[in-house]
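Working notes for the structure below.
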Amino acid sequence: MSDTELPKPTEGSDTAQNNERDAVVPFPADDSEPGGSGLSDPPVLPTPKVDVRAEVKDFHFPPLINGLDFLVSAVESLAAPDGPAPRELKYAVVHLQIAAEILFKVRLEMHDPALVWTKPHTFDEAKHNAGDFRSCGIETALKRLGEDVGIESDIDAKDPGLTALGELRNRLVHFGLQDTAIAVQTRTVPVLGLLVGFINADVLPHVDAPANSWDAEQQMEKVRTKLKHLTDFVAHRTEAISGQLEGYEASTVACRSCGQFSVVLDGGAVDLECLFCGKIYGTGADAAWEYIGESRHVTIKDGGGDLAQCPSCGDAAVVEVRSAASPGAAVFICFGCGSDHEGICTYCGCAGCIAWTGLCEDCHETELEKF
């Protein structure tokens, strides 16, 4: 053995163990270096010597507090100081719909838990307490609240506000939604007002547990404060556009998005817009088809006809809607020029003054000439 050649360590010696320890490569080898052999095994992470565990709090939302929590979440998002972000609006709609459904069923449970079940005659207390059952929907809940419970609030299952909210929620959950923030906020205000009245008159007076009663009142105080902010906003916006609407009541229709009577059809504009929420409709014909919920292209392609023609402007854009001048009864209005008509001729399909025969004046005279 030469002077420069070191002796090989014997197995089990301290030198051998030290060499093995030093040979561990804690990071991947650099392939750019000569003899680099690629990536090495990742370093072994140290095992914690102390057992660290996060404190887990109990998850408990009684039905009433659960419903109110969804309600608070919805109203806080809608009344955000700097205006709600798109994501806040989305969850506000979903949470408000959930809040309504839960709170209606909470009142049913206060009267008789079996009424919450889709089939009350199959009620089982153990399954009910475990939440292992199918509950009724909003429409059935409201029907039972009126017929079986006899609540003080006068809430119709077909309430326009609840219906509009349900449509918004379904579009969000099942597909998607594009709308203005103001429109969504405004659509929710009637439902919030309805729920606050219902809770005050029919829920809070029937809460038995003092703790739940206290929690519920604290939650409702948050809701009332935020709701006032929203109602003040709607009132301010309504006042701001009142001058633009004055004198056009007969040719002003409710917006499909926000529900306010703030879409003026007068003037034959090609860029119809809701003065309240800013929704753009396009031409009068475009708006007319949107108002009846159909597509002109698809309807005509499938063999259907165009909309009724207006004798005043010639546009095929006459539909039956409610106006600001007659919110309780539908009238025939041309979305192209804003003129109103008695009806649509059953013979030529044009709008105009309709005789007792159901025909317009021209068709009526033509028919009389045959005799």
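The values are calculated or read from the model by the stated rules, or taken from the named source; none is laboratory data. Because the structure is predicted, anything quoted here is derived from the model rather than measured. FYI the Cβ positions are ideal-geometry reconstructions off the backbone, even for glycines, and counts take in every protein chain you see. Each accessible area value is taken on the protein alone, full model and side chains, heavy atoms only, with ligands, DNA and RNA left out. Shrake-Rupley method; radii C 1.70, N 1.55, O 1.52, S 1.80 Å.
When restricted to residues that are part of a loop (DSSP other than H, G, I, E, B), modelled with pLDDT of 65 or more and of a type in the set (Gly, Ala, Ser), the range 330-371 contains 5.
Please indicate, with yes or no, whether at least one residue in the range 265-281 is open to solvent by 30 Å² or more (accessible area, probe 1.4 Å) and in a helix (DSSP H, G or I). So far as the range 265-281 goes, no, none of its residues is open to solvent by 30 Å² or more (accessible area, probe 1.4 Å) and in a helix (DSSP H, G or I).
Condition check for HIS128 on (1) of a type outside the set (A, V, I, L, M, F, W, C); (2) within 18 Å of ILE65 (Cβ to Cβ); (3) in contact (Cβ under 8 Å) with a residue 24 or more places away in the chain: one failure, at (3). Restricting the range 308-329 to residues that are assigned to a loop (DSSP other than H, G, I, E, B) and either basic (Lys, Arg) or touching a Lys or Arg at 6+ places or on another chain (Cβ under 8 Å) (or both) leaves a set whose member that is surrounded by the fewest Cβ atoms within 10 Å (Cβ to Cβ) is GLY328.
Conditions tested, residue by residue: (1) under 19 Å from LEU71 (Cα atoms); (2) surrounded by fewer than 16 Cβ atoms within 10 Å (Cβ to Cβ).
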| residue | (1), (2) |
| --- | --- |
| LEU162 | yes, no |
| GLU167 | yes, yes |
| LEU172 | yes, no |
| ASP179 | no, no |
| GLN185 | yes, no |
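Criterion applied to GLY259, GLY247 was being modelled with pLDDT under 95, surrounded by fewer than 17 Cβ atoms within 10 Å (Cβ to Cβ) and at positive phi, and the one residue passing it is GLY247.
Taken over the range 143-155, residues that are surrounded by 14 or more Cβ atoms within 10 Å (Cβ to Cβ), in a loop (DSSP other than H, G, I, E, B) and not hydrophobic (A, V, I, L, M, F, W, C) amount to 1. Among the residues of the range 71-86, just one is without any contact (Cβ under 8 Å) to a residue 12 or more places away in the chain and among the charged types (D, E, K, R), namely ASP82.
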